[in-house]
Amino acid sequence: MNIDNTGITALYGHSGAGKTSIINMIAGLLAPDDGKIIVNDRVFFESVHQINLPPEQRRVGYIFQDKRLFHFLSVRKNLLFSGRTDEHAPLFDEIVGLLDIGDLLSRKPATLSGGEAQRVAIGRALLARPDLLLLDEPMSFLDNKCRQALSGFLLKIPQRFSVPVILVTHSVDEIEQLADRVYCIENGQISTDNTRLY
């Protein structure tokens, strides 16, 4: 499977189809049995030459379904956790503004709504300056209003931050709103046949 290095690529399929396994392999959380994974000409994994970069060397941002914020840290400290961006850097202000989380900086994750927490998780990933952003069903537990708001933020990310996005979803609505291209995954097989969506 070859994925363009621009825009939003969706991996679509029902639960258990293998979508999350694919992005876990890209992130380095799961090792393939064989083959290779190359991102922007960097080899992440290659079975023949026994290359398998650890996750921290891959520069991949990963947004999980359950956000995985550090509950003992403020939103500000969560955002700066990677240490790749200083809070006085223009990028910090830009991302805080884009995601509309300026009023949340002093709060703890436990006080945030689902949509607010997901925006903070996205901000933290972007502030780590990733070469690729992975989103694992980021809107699964959000209500319709939060989904619409988050969709608007996600659409701005690839061009504004020059980072490609891979979105895992089983929602046709999300694909229609967000995806520049779609790969359908069924029984371990990958296809660009979008008729499987309907």
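The values are calculated or read from the model by the stated rules, or taken from the named source; none is laboratory data. All figures in this text were calculated on a predicted structure; none of them were measured in a lab. With ideal geometry, Cβ positions are generated from the backbone for all residues, glycine too; neighbour counts draw on all protein chains shown. Side chains are part of the model used for accessible areas, which takes the heavy atoms of the whole protein and leaves out ligands, DNA and RNA. Shrake-Rupley method; radii C 1.70, N 1.55, O 1.52, S 1.80 Å.
Whether a residue is open to solvent by 10 Å² or more (accessible area, probe 1.4 Å), in contact (Cβ under 8 Å) with a residue 40 or more places away in the chain and in contact with a helix residue (DSSP H, G or I) (Cβ under 9 Å, 6 or more places away or on another chain) was assessed, and residue 116 does not pass this test.
Rundown of residues vs (1) open to solvent by 30 Å² or more (accessible area, probe 1.4 Å); (2) at pLDDT 85 or above; (3) under 15 Å from residue 55 (Cβ atoms); (4) in contact with a Leu (Cβ under 7 Å, 6 or more places away or on another chain), yes/no style:
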site	(1), (2), (3), (4)
1	yes, no, no, no
4	yes, no, no, no
7	no, yes, no, no
12	no, yes, no, yes
18	no, yes, no, no
29	yes, yes, yes, no
35	yes, yes, no, no
38	yes, yes, no, no
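Candidates in region 175-198 are the residues that are assigned to a helix (DSSP H, G or I) and modelled with pLDDT of 90 or more; of these, the one that is surrounded by the most Cβ atoms within 10 Å (Cβ to Cβ) is 178.
Considering region 141-169, and only residues there that are in a loop (DSSP other than H, G, I, E, B) and crowded, with 16+ Cβ neighbours inside 10 Å, the residue that is modelled with the lowest pLDDT turns out to be 142.
Has region 55-65 got at least one residue that is open to solvent by 30 Å² or more (accessible area, probe 1.4 Å), hydrophobic (A, V, I, L, M, F, W, C) and either in contact with a strand residue (DSSP E or B) (Cβ under 9 Å, 6 or more places away or on another chain) or modelled with pLDDT under 95 (or both)? Yes, some residue in region 55-65 is open to solvent by 30 Å² or more (accessible area, probe 1.4 Å), hydrophobic (A, V, I, L, M, F, W, C) and either in contact with a strand residue (DSSP E or B) (Cβ under 9 Å, 6 or more places away or on another chain) or modelled with pLDDT under 95 (or both).
Against the numbered list (1) closer than 25 Å to residue 59 by Cα; (2) free of Cβ contacts under 8 Å to residues at least 12 places away in the same chain, residue 148 comes up short only at (1).
Give me the pairs, please: first residue somewhere in region 83-96 and free of Cβ contacts under 8 Å to residues at least 60 places away in the same chain, second residue anywhere and outside any helix (DSSP H, G or I) and open to solvent by 20 Å² or more (accessible area, probe 1.4 Å), beta-carbon distance under 6 Å, and either six or more positions apart or on two chains. Going by the 6 Å Cβ cut-off, the qualifying pairs are 84/128; 84/129; 87/80. Close Cβ contacts (under 8 Å, 6 or more residues apart or on different chains) running from residues in region 55-81 that are on the phi > 0 side of the Ramachandran plot and in contact (Cβ under 8 Å) with a residue 12 or more places away in the chain to residues that are in a loop (DSSP other than H, G, I, E, B) and aliphatic (A, V, I, L, M) comprise 59/128. Among the candidates 135, 105, 79, the residue that is under 18 Å from residue 155 (Cα atoms), hydrophobic (A, V, I, L, M, F, W, C) and either out of contact with any Ser or Thr (no Cβ under 8 Å at 6 or more places or on another chain) or open to solvent by less than 60 Å² (accessible area, probe 1.4 Å) (or both) is uniquely 135. Candidates in region 125-140 are the residues that are touching a strand residue (DSSP E or B) at 6+ places or on another chain (Cβ under 6 Å) and of a type in the set (Asp, Glu); of these, the one that is modelled with the lowest pLDDT is 137. Cβ separations smaller than 6 Å between residues 6+ apart or across chains give the following pairs from region 2-17 residues that are within 18 Å of residue 131 (Cβ to Cβ) to residues that are open to solvent by 80 Å² or more (accessible area, probe 1.4 Å) and modelled with pLDDT of 80 or more: 7/180; 8/180.
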